[in-house]
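These notes concern the structure reproduced below.
The values are calculated or read from the model by the stated rules, or taken from the named source; none is laboratory data. Given the structure is predicted, the values throughout are model-derived calculations rather than measurements. All Cβ positions, even for glycine, are placed from backbone atoms using ideal geometry, and neighbour counts span all protein chains on display. When the accessible area is computed, the model is the full protein with side chains, heavy atoms only, and any ligands, DNA or RNA have been set aside. Shrake-Rupley method; radii C 1.70, N 1.55, O 1.52, S 1.80 Å.
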Amino acid sequence: MLIKLEFDQLNKMQRRISLKNQPPTYGNLITVLSIDGGGIRGIIPGVILDFLESKLQEIDGEEARLADYFDVISGTSTGGLIATMLAAPNQEERPLYAAKDIVPFYLQHGPNIFPQTKGIFSGISNLGKALTGPKYDGKYLHELLRSILKDTKLNETITNLVIPAFDIKKMQPTIFSSYKVAAYPVLDAKLSDICIATSAAPTIFPAYSFKNRNSDGKLEEFHLIDGGIAASNPTLVAIGEVTKQTMNKNPDFFPIKPTDYARFLVISLGTGSSSDRNKYDSEMTSKWGVISWLFHKGDTPIIDCYSKASTDMVEYHNCVVFQALHSEDNYLRIDDDNLSGDLSSTDLSTEENMEGLVNVGKKLLKNPVCRINVETGVYEPVENGGTYEEALLRFANLLSEEKKIREARSPNTTK
């Protein structure tokens, strides 16, 4: 009986090794997937990821999952939830969710995560909540994540995760990174705690605290709010985590210079932003006090401004650097900066609005590939760039080829 148990454990260990992604040191590229924050607008990258994974399945078979192809998946807020869905393991050591499950997840649970106030006094009710506390208590989201993710910890994911949050007590970002857990065991938290923390958007959900043990075995407490405070667009955070590994000569990574962006393959997904660039002006805002900055006609201008600035500055940096280093073909940013009306809301979870977001994602795939103009801040079509569908198909082929190269070179792959 003991021999059989040991044999079963050995088989399980060998299966985990054979299923695990082979590290970049056996390949040519370092692959990164990044997903922005944006609340219910997470539906938009959900549509994009479904398309990408379906193309990988056409190439490599229906069991293919995004986590099989990316060395790291980063996500902020709703993007952190999606990243975790793609990378958390099920009982068979495979991803808990396929990409095609993301949109149905939002359609099913969105109305309970963001319950809508109805009636003619809803505006007054929302204002009252904004002045006295968070708009939602977060209980449904917390219980949902705990029931799905159970006690699974960061070190157990199928591929590496990088999820930022902000510690309101320490007044500094906290980056939950798979690359950090060996040196900083206190960061090896439950995935449910990490997801709740990175989604704790000020004015929307309450701040979140939990305890975890550090390397001395002592409990350390986190006091966290939304990762968007630190990085609405976490692409640079992910690239930074990977770059540190190459600088520290991690054997899983081939030696590259920190500026060798040609060795990165990056897909960065936004959750859309409003097309109304004239919503505010200096004449209007110069008269505002705290209340107006926090609540104006259903919006939270101060948070909108910080989020938009953070997202665009990361995109500005990436566009400049990848172009300067002649690596722009290795970087794909997909976002829609023309959302209008209710579609730009982070928490409007009506059936009509969610279906509208699904359609935004589908239409976005058909749009020409755009890149931000670093002078105007406006997305402009790339000459001969094709559509986003065509670009994702090209990236799917590159990802598949990279996976095959690693498996052919790695001694750990079951031949």
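Among the residues of region 175-192 satisfying the criterion of being within 17 Å of Gly80 (Cβ to Cβ) and among the hydroxyl-bearing types (Ser, Thr, Tyr), which is most open to solvent (accessible area, probe 1.4 Å)?
The first filter runs over region 175-192 and keeps only residues within 17 Å of Gly80 (Cβ to Cβ), leaving 175-181, 187-192.
From the residues that got through so far, the ones that are among the hydroxyl-bearing types (Ser, Thr, Tyr) too are 177-179, 192.
Working: Ser177: 0, Ser178: 20, Tyr179: 38, Ser192: 2 Å².
It comes out as Tyr179.
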Hey, could you check region 105-140 for residues that are of a type in the set (A, V, I, L, M), part of a helix (DSSP H, G or I) and open to solvent by 80 Å² or more (accessible area, probe 1.4 Å) and say which is modelled with the lowest pLDDT? Ile124
Could you please give the count of residues in region 294-319 that are over 26 Å from Ala83 (Cβ atoms), surrounded by 15 or more Cβ atoms within 10 Å (Cβ to Cβ) and not charged (D, E, K, R)? 5
Those residues of region 387-411 which are outside any helix (DSSP H, G or I) and surrounded by 14 or more Cβ atoms within 10 Å (Cβ to Cβ), in sequence order: Thr387, Ser410
Over region 157-174, the set of residues part of a strand (DSSP E or B) and either buried (at least 21 other Cβ atoms within 10 Å of the Cβ) or out of contact with any strand residue (DSSP E or B) (no Cβ under 8 Å at 6 or more places or on another chain) (or both) is Asn160, Leu161, Val162, Ile163, Pro164, Ala165, Phe166, Thr174
Under 16 Å from Tyr331 (Cα atoms), out of contact with any Gly (no Cβ under 6 Å at 6 or more places or on another chain) and open to solvent by 20 Å² or more (accessible area, probe 1.4 Å): is that true of Thr259 in this structure? yes
Check on Glu380, open to solvent by 30 Å² or more (accessible area, probe 1.4 Å), modelled with pLDDT of 85 or more, outside any loop (DSSP other than H, G, I, E, B) and of a type in the set (Asp, Glu): yes
